Amino acid sequence: MKSRVRARANIALIKYWGKTNPALNIPAVGSISVTLESLWSETEVEFDARFRSDTLLLDGDSRPEQLERVSRCLDILRERAGVKTHARVVSDNNFPTGAGLASSASGFAALSAAAAHALELDLSPRELSIVARRGSGSAARSVFGGYVEMHAGSAADGRDSYAEPLLAAEAWPLEVVIAITERGEKAVGSRAGMESSASTSPYYPAWIATSESDLRAGREAVLKHDFDALAEVVEHSCLKMHAVAMANRPPLIYWNPATLDCMQAVKALRAGGLPVFFTIDAGPQLKAICEPDARPAVVGALRELPGVADVIVSGLGPGVEIR
Ligand code: PMV
């Protein structure tokens, strides 16, 4: 009753922000992402009747504050398998945890797939996506590779709230350059930030009202491989999400000065004719998305900014893999 799975991080092009049901983790809006080849979580789950409780070792540390979410995900699968056996979960990320690099996405996708496999449950990728969503909304997307669309759904129980593949990675092999501007874990997680936006940000209703048209534009741009159209709607979706959060009470600003410097650098590169655009998640790191030929210039421009501590480069990668 043991399995090991690798799942990749993903970066949202059209952002998810807000939940209609926080307990079931049902997103208020759909989203579109790319799965990254080089940033992954590798998670081993072992069920054993001798274990007296679930345990979690994340990057070598026991993380009691994360254990409840992990057990909640495991409970869904235990119920389906008709067992009550506890599990030992050992998970490692090959990139910084909790700094806005989507470690919860790769982590919960890997956990769900490894636990389902260890319990010999024969789940479809869609069912797996629904289970992963209960751990982290963005994890539903990391089940799949390449370009992925997550549907908000409308069912009260979340059964139509899952991700599915939109376009294969090889069909449009863009690259992602991540500028690390801060190494620590973020102070306000996405769950708390979203809850605060829904209840205090005057821009939240506008965010919800405009999400469908952003999704449509993003989907169309991906399917047509229209770089300029994608650049426009991705930066709009990102800045709109951050504007919503900035207007929370208390305000929520995920950026630092270097994040803004990176944004300006990307804008300048694009104004100079280079195919590159940016997005930023619930953290201070900037993700520049570019055509492969533009990568050296993008890496060079971001690396030379004084506030950039490191640059990570990744192509687009596959969905969950049993090791
Ligand atoms: O799934 P969570 O709770 O990690 O939230 C993800 C939120 C953003 O990264 C900011 C946007 C997204 O769609 O990934």
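The values are calculated or read from the model by the stated rules, or taken from the named source; none is laboratory data. A quick note: this is a predicted structure, and the numbers were derived from the prediction, not measured. As a convention, Cβ positions derive from the backbone with ideal geometry for all residues, glycine included, and neighbour counts pool all protein chains shown. Calculation scope for accessible area: heavy atoms of the full protein, side chains included, ligands and nucleic acids excluded. Shrake-Rupley method; radii C 1.70, N 1.55, O 1.52, S 1.80 Å.
What to note about this one:
- Each of the peptides 284-290, 161-167, 313-319, 146-152 was scored by the mean count of other Cβ atoms within 10 Å over its residues; in descending order, highest first, they stand as 284-290, 146-152, 161-167, 313-319.
- Selection from 144, 53, 34, by position along the positive dipole direction of the chain (Cβ): 53
- The chain: DSSP helices with Cα axial extent of at least 20 Å and average Kyte-Doolittle hydropathy no lower than 0.5: 103-118, 227-246
- With the simple model of a label 7 Å out from the Cα in the direction of the Cβ, residue 220 to residue 195 spans 3.8 nm.
- Amide H within-cut-off set for residue 39, under 5 Å, with H built and near neighbours excluded: 9
- Rolling a 1.4 Å probe over the heavy atoms of the protein chains gives the chain an accessible area of 41 Å² per residue.
- Under a model in which nothing but the beta-carbon of Lys, Arg (+1) and Asp, Glu (-1) is charged, the range 175-314 shows a dipole of about 280 debye around its Cα centre.
- Computed 3J(HN,Hα) for the range 284-292, one whole-Hz value per residue from the Karplus formula 6.51 cos²θ - 1.76 cosθ + 1.60 where θ = phi - 60°, is x, 7, 9, 10, 9, 10, 8, 6, x, glycine and proline marked x.
- From most to least packed by mean Cβ count within 10 Å, the peptides 199-211, 172-184 give 172-184, 199-211.
- Other-chain or far-sequence residues with amide H under 5 Å of residue 87's (modelled H): 54, 55
- Counting Cα-Cα pairs of the range 1-95 in 5 Å increments starting at 0 gives whole-percent bin shares of 3, 11, 16, 19, 19, 18, 10, 3, 0.
- Using every pair of separate Cα atoms, the Kirkwood estimate puts the hydrodynamic radius of the chain at 19.6 angstrom.
- Placing unit charges on the Cβ atoms only, positive for Lys and Arg and negative for Asp and Glu, gives the chain a dipole magnitude near 660 debye about its Cα centre.
- Full-extension gain in nm, residue 246 to residue 156, via 0.36 nm per residue minus C-alpha separation: 29.4 nm
- In the range 175-314, taking the dipole from charged Cβ atoms about the Cα centre, the farthest positive-side position among 248, 211, 259 is held by 248.
- Once the mean of 1/r is taken over each pair of separate Cα atoms and inverted, the range 175-314 shows a Kirkwood hydrodynamic radius of 15.8 Å.
- Inter-label distance for residue 303 and residue 124, nm, one decimal - labels placed 7 Å from Cα along Cα-to-Cβ: 4.6 nm
- Share antiparallel - DSSP beta bridges, the chain, percent rounded to 5: 90 percent
- DSSP-assigned coil residues among trypsin sites (Lys or Arg not before Pro) in the range 40-69, each with at most 14 further Cβ atoms within 10 Å: 50, 52
- Under a 5 Å amide H cut-off, with hydrogens placed 1.01 Å from N, residue 319 pairs with 145 among residues at least 5 apart or on other chains.
- Computed about the Cα centre, the dipole magnitude for the range 58-113 is approximately 260 debye when only Lys and Arg (+1) and Asp and Glu (-1) carry charge, each at its Cβ.
- Size descriptors for the range 138-193 (Cα atoms only): Rg and Dmax, in that order, 15.3, 39 Å.
- Charge dipole of the range 65-203 about the Cα centre (unit charges at C-beta), most positive-ward option of 201, 82, 171: 82
- Contact order, relative form, for the chain: 25 percent (alpha carbon pairs under 8 Å, 6 or more residues apart, mean separation divided by residue count).
- Sulfur and carbon atoms: percent of accessible area, the chain [1.4 Å]: 52 percent
- 24 Å Cα-Cα threshold exceeded, pairs from 19/267; 15/267; 19/224; 2/287: 19/267; 19/224; 2/287
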